[in-house]
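Below is one structure, written out as structure tokens; the observations come after it.
The values are calculated or read from the model by the stated rules, or taken from the named source; none is laboratory data. Values in this document were obtained by computation on a predicted structure and should not be read as measured data. A quick note on method: Cβ atoms are made from the backbone with ideal geometry, for glycine too, and the neighbour counts reach across all protein chains shown. Just so you know, the surface numbers come from the protein's heavy atoms only, side chains and all, with ligands and any DNA or RNA stripped out. Shrake-Rupley method; radii C 1.70, N 1.55, O 1.52, S 1.80 Å.
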Amino acid sequence: MRRFLRLRLLLLVPVIAVLGAYLWLRSSLPQEEGRLVLPGLVAEARISRDGHGIPTITAASDRDAAFALGFVHAQDRLFQMDTMRRYGAGRLSEWFGAATLRADRFTRTLGIYRAAEQQYALLAPGLRAALDAYAAGVNAYLARRQGALPPEYQLLRATPEPWRPADTLVWGKLIDLQLAANFRSELLHARLAQHLSPEEMAILYPPYPHDAPVALGGGAASLEGLPLDAIYASLPALVGPTFASNNWVVDGQHTVTGKPLLANDPHLGFSAPSVWYLARIETPDNRLDGVTAPGGPFVVIGHNAKIAWGFTTTGGDVEDLFVERVDPDDPARYLTPEGPQPFATRQEEIRVNGADPVTITVRATRHGPVISDLGGGYGEAAGAGTVLALQATWLADDDRSPNALWGMNRAGNWQEFRDALKDFVAPQQNMVYADVDGHIGFIAPARVPIRAQGDGWMPAPGWSGDYEWTGFIPFDALPQVLDPPSGRVVSANNKIVPDSYPYFLSRGWDLPNRAQRINELLDAAPKQSPEASAAIQADTLSPMAKDLVPLMLQQVRPASQQAADALERLSSWDRRMDRDQTAPLLFAAWLRAFNRTVLVDKLGSAFDDYWGMHPEFVRLILTEHPEWCEEPTAEAVASCAPQLSAALEQALAELQQRYGDDMNSWQWGRAHEAQFANQLWARVPLIGGLIALAIPADGGYDTINPGATPVASPDDPYADIHGSTLRMIVDLSDIAASRFMISPGQSGNPLSAHYGDLMQSWRDVTYLTLGNAAAAHTLVLAPP
């Protein structure tokens, strides 16, 4: 009996240990009730949370509100904030080891954190005070917390450092890198140009259609010897925009209430936690509702008591790659129109967990940092006789963009809103505006360079001076309008200006598909309501499928009964990317395989980085350039029919292997799950699978309700990884009743009930109203 009791006790020990560890980790969840006395506050602030953990912050001043927001951000998103600032500072490897060394080399080379530190002194005194207060709020949480740090710190055996204002400002630089860094595209164009003629490049990148909507109606340098593939591979995944966002605003003549209505759904990569954090902030002088970015005191997208605003990315070209010639007589110098100049150099030491520190030499020219050293190092670049340098507006030492966000949050009319944006440098955004007085507007602020020659689509010679930036588009000449005669403005990353616009903005416009579809639906409901705009945000019709499926069906010849069955399903499909249908998966797999069949040999080493759906390219080769499929002969004209048939067979074989023999079970939602990955936990065996967040989702590449997929992924090419990270609808007749939704939840702690509790509501396109529900919990922060 005693032996049996001892055995039971021994078996209980690990259970008790696991339970104890779980209870300890749960102590990392935020304190939501009670009263805390915290130095740094001037007056009492209250944090009231609703049933989803969304806070309403009530404070006596902007400064105390910023303190409270810093405190609540740290409660819910501390590890996310910490990894963000480490990314910007090039210090990830201190925690994660050599796996993140590439990212650290890159951000150190660009000097992103150095730029953020320099930016602080440029900002308005009120904003600097708010940044200081926000940092004090974060640090008050670190000093007063009880219990465990969030679970990620336990896994890494790490401890957070005190927060600094520069840690906040580096967020803006990382957003620049994500939404404005089209130099990744410049590198890809240069790599493709090594394989293709200019005429072929024009087919691979068709021009913007002349009859497509615009938001406002009205040759490569010598690159021989440069390791372009290696330079491209050195860029972190964050670099460069992935298009998709929607916004529109209509005036009171076109709404059921007689007041403007504004809708916005910015599209970014999915993650757990979300890039956004919902909050309401109330002070005697202001009330703000919308999404904040953990790490900063701003409402990025939302409204105050008088105005509302929303963003989509313009794609304005605000950076260029320059090919610099190394002085053949002195490799420490490079050639300029005024003669050889020395590279500016500095040493950066990167500490690496589990390994020796790595020291890199960063070089810069008059244009900016040398990024080609990332791909081959000093020696290889010097041997090539040329290097690549990056010039970017947002790396300049006079970037005051945070002033613009701060001023925008406090604007009460169009003129104040517009004046605030004069400080906005990058990334260029399509900003829609509405106010309670009935006005609507649009502006695309940024510091957009004027080039002496060229359009920034490919790296340009840096030694001649012929391609220099000669100035910037004047603010008053940037695309903008107040109260347009049409009564609406729509932007969806499409071209925003007519061909008659006197300045160059970009060649990187997205397809007009979503903008066209939004306009169609606005025409169909000429008196908009929040419900009508919600239906638009939920729309799943694919203009790409509407255009391409008839062309593909017309030319293909089925090679099997299975292929004939698939074609029958596609011919009767309504072209909606709904999760319960089979045809969307058949179409996506077929189009993916067709791109590969046509391009894999032609594009060489650059294929995987170009591989995508590319509907405009596919339409061109099916209608005008079948020679891309096969060479014509004396006996027969070129045709894409064999490649279409082969691609269909490949797609069907792949889907059968992944999802079984029964085509009825090949539903889009089975393959197209919205995946909200946590970049740390996803790499931890067992635990990562237990806390993974995914849900079958509607939408596709070009639908208003989007669901972009990693086409080149060999493992999960149909997963939904990029889409609406926020949905917002603001009716200016009742601005306090505005509708919002993010996903997967408010908390970044996997043990929280709010880690993924919004995911299904997001998928089903339902909404929340901030601050209207009764408070589930209230925490009072008080000064000493």
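Which one is nearest to the chain's Cα centre (by Cα) among residues in region 456-477 that are of a type in the set (A, V, I, L, M) and farther than 9 Å from Phe322 by Cβ? Show your work before the answer.
The initial filter retains those residues of region 456-477 that are of a type in the set (A, V, I, L, M), namely 458, 460, 473, 477.
Add one more test, that the residue is farther than 9 Å from Phe322 by Cβ, and what stays is 458, 473, 477.
On the way: Met458: 23, Ile473: 25, Ala477: 27 Å.
Among those residues, the one meeting the criterion is Met458.
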- Message: So if I check each of Ser48, Ser61, which one is hydroxyl-bearing (Ser, Thr, Tyr) and over 12 Å from Thr283 (Cα atoms)?
- Response: Ser48
- Only unsatisfied item for Ala116, checking (1) within 23 Å of Asn678 (Cα to Cα); (2) of a type in the set (A, V, I, L, M, F, W, C); (3) in a helix (DSSP H, G or I); (4) open to solvent by less than 10 Å² (accessible area, probe 1.4 Å), is (1)
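Hey, does region 30-39 have a residue that's of a type in the set (Lys, Arg) and either in a helix (DSSP H, G or I) or under 12 Å from Gly295 (Cα atoms) (or both)?
Residues of region 30-39 of a type in the set (Lys, Arg): 35.
Filter again for either in a helix (DSSP H, G or I) or under 12 Å from Gly295 (Cα atoms) (or both), leaving none.
No, there is no match, as no residue in region 30-39 is of a type in the set (Lys, Arg) and either in a helix (DSSP H, G or I) or under 12 Å from Gly295 (Cα atoms) (or both).
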- Report, by residue number, each residue of region 756-784 that is within 18 Å of Arg287 (Cβ to Cβ) and touching a helix residue (DSSP H, G or I) at 6+ places or on another chain (Cβ under 8 Å). Leu768, Thr769, Gly771, Asn772
- Determine which member of the set Ser724, Ser743, Ser752 is of a type in the set (Ser, Thr, Tyr) and within 26 Å of Trp24 (Cα to Cα). Ser752
- Task: Output the number of residues of region 45-83 satisfying the condition of being outside any helix (DSSP H, G or I) and either aliphatic (A, V, I, L, M) or farther than 23 Å from Ala129 by Cα (or both).
- Result: 12
- Query: Does region 421-454 hold any residues that are more than 20 Å from the chain's Cα centre (by Cα) and farther than 30 Å from Glu468 by Cβ, and which are they?
  - Reply: Tyr433, Ala434, Asp435, Val436, Asp437, Gly438, His439, Ile440, Gly441, Phe442
- Members of region 52-78 found to be surrounded by fewer than 23 Cβ atoms within 10 Å (Cβ to Cβ) and under 23 Å from Leu25 (Cβ atoms), listed by number: His52
- Task: Return yes or no: is Gly441 closer than 30 Å to Asp251 by Cβ and small (Gly, Ala, Ser)?
- Result: yes
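Looking only at region 354-366, decide whether some residue is of a type in the set (A, V, I, L, M, F, W, C) and within 22 Å of the chain's Cα centre (by Cα). Step through it out loud before you land on a result.
Taking region 354-366 first, the residues of a type in the set (A, V, I, L, M, F, W, C) are 355, 358, 360, 362, 364.
Now drop any that are not within 22 Å of the chain's Cα centre (by Cα), which leaves none.
No, region 354-366 contains no residue that is of a type in the set (A, V, I, L, M, F, W, C) and within 22 Å of the chain's Cα centre (by Cα).
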- Item | strands (runs of 3 or more DSSP E) wholly inside region 349-451 that include at least 1 residues being out of contact with any Pro (no Cβ under 7 Å at 6 or more places or on another chain), of a type in the set (Ser, Thr, Tyr) and surrounded by fewer than 16 Cβ atoms within 10 Å (Cβ to Cβ) | 358-364
- Note on the structure: The lone condition Leu652 fails out of (1) open to solvent by less than 20 Å² (accessible area, probe 1.4 Å); (2) touching a Gly at 6+ places or on another chain (Cβ under 6 Å) is (2)
- Please enumerate the residues belonging to region 186-199 that are surrounded by 16 or more Cβ atoms within 10 Å (Cβ to Cβ) and within 18 Å of Gly508 (Cα to Cα). Glu186, Leu187, Leu188, His189, Ala190, Arg191, Leu192, Ala193
- Flag for Ala305 being in a loop (DSSP other than H, G, I, E, B), farther than 29 Å from Leu226 by Cβ, in contact with a helix residue (DSSP H, G or I) (Cβ under 9 Å, 6 or more places away or on another chain) and open to solvent by 20 Å² or more (accessible area, probe 1.4 Å): yes
- A careful count of residues in region 275-320 that are among the basic types (Lys, Arg) and more than 21 Å from His439 (Cα to Cα) gives 1
- Query: For region 34-45, which residues satisfy the criterion of being open to solvent by 100 Å² or more (accessible area, probe 1.4 Å) and either over 19 Å from Ala60 (Cα atoms) or out of contact with any helix residue (DSSP H, G or I) (no Cβ under 6 Å at 6 or more places or on another chain) (or both)?
  - Reply: Arg35
- Meets criteria (under 30 Å from Leu235 (Cβ atoms) and hydroxyl-bearing (Ser, Thr, Tyr)) for Thr159: no
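Taking into account only those residues within region 16-33 that are exposed (fewer than 15 other Cβ atoms within 10 Å of the Cβ) and of a type outside the set (A, V, I, L, M, F, W, C), which is modelled with the highest pLDDT?
Just the residues of region 16-33 that are exposed (fewer than 15 other Cβ atoms within 10 Å of the Cβ), to begin with: 16-24, 26-27, 33.
In the following step, the residues that additionally are of a type outside the set (A, V, I, L, M, F, W, C) were identified as 20, 22, 26-27, 33.
Details: Gly20: 64, Tyr22: 68, Arg26: 86, Ser27: 87, Glu33: 96.
In this case the residue turns out to be Glu33.
Does Gly669 qualify as being open to solvent by less than 20 Å² (accessible area, probe 1.4 Å) and modelled with pLDDT of 95 or more? Before the answer, list the steps.
Details: open to solvent by less than 20 Å² (accessible area, probe 1.4 Å): yes; modelled with pLDDT of 95 or more: yes.
Criteria met by Gly669.
Give Asp661, Asp702, Asp716 a once-over and let me know the one that is assigned to a loop (DSSP other than H, G, I, E, B) and open to solvent by less than 40 Å² (accessible area, probe 1.4 Å).
Details: Asp661 fails: open to solvent by less than 40 Å² (accessible area, probe 1.4 Å); Asp716 fails: open to solvent by less than 40 Å² (accessible area, probe 1.4 Å).
Criteria check complete, one pass: Asp702.
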- Can you name the residue in region 597-632 that is touching a Leu at 6+ places or on another chain (Cβ under 8 Å) and β-branched (Val, Ile, Thr) and is also surrounded by the most Cβ atoms within 10 Å (Cβ to Cβ) among such residues? Val618
- Message: Out of the residues in region 499-519 meeting the condition of being open to solvent by 30 Å² or more (accessible area, probe 1.4 Å) and among the hydrophobic types (A, V, I, L, M, F, W, C), tell me which one is modelled with the highest pLDDT.
- Response: Phe504
- Query: Which ones in region 573-582 are part of a loop (DSSP other than H, G, I, E, B) and open to solvent by 40 Å² or more (accessible area, probe 1.4 Å)?
  - Reply: Asp574, Arg579, Asp580, Gln581
- Item | Counted residues, region 219-260 - those being among the small types (Gly, Ala, Ser), buried (at least 22 other Cβ atoms within 10 Å of the Cβ) and at pLDDT 90 or above | 1
- Note on the structure: Matching residues in region 483-540 (within 20 Å of the chain's Cα centre (by Cα), of a type in the set (D, E, K, R) and closer than 23 Å to His439 by Cβ) number 0
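Can we say Ala130 is among the small types (Gly, Ala, Ser) and touching a Lys or Arg at 6+ places or on another chain (Cβ under 9 Å)? Write out each step before concluding.
On the way: among the small types (Gly, Ala, Ser): yes; touching a Lys or Arg at 6+ places or on another chain (Cβ under 9 Å): yes.
Yes: the conditions hold for Ala130.
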- Note on the structure: Conditions (1) surrounded by fewer than 18 Cβ atoms within 10 Å (Cβ to Cβ); (2) not in a loop (DSSP other than H, G, I, E, B) -> Gln679 fails only (2)
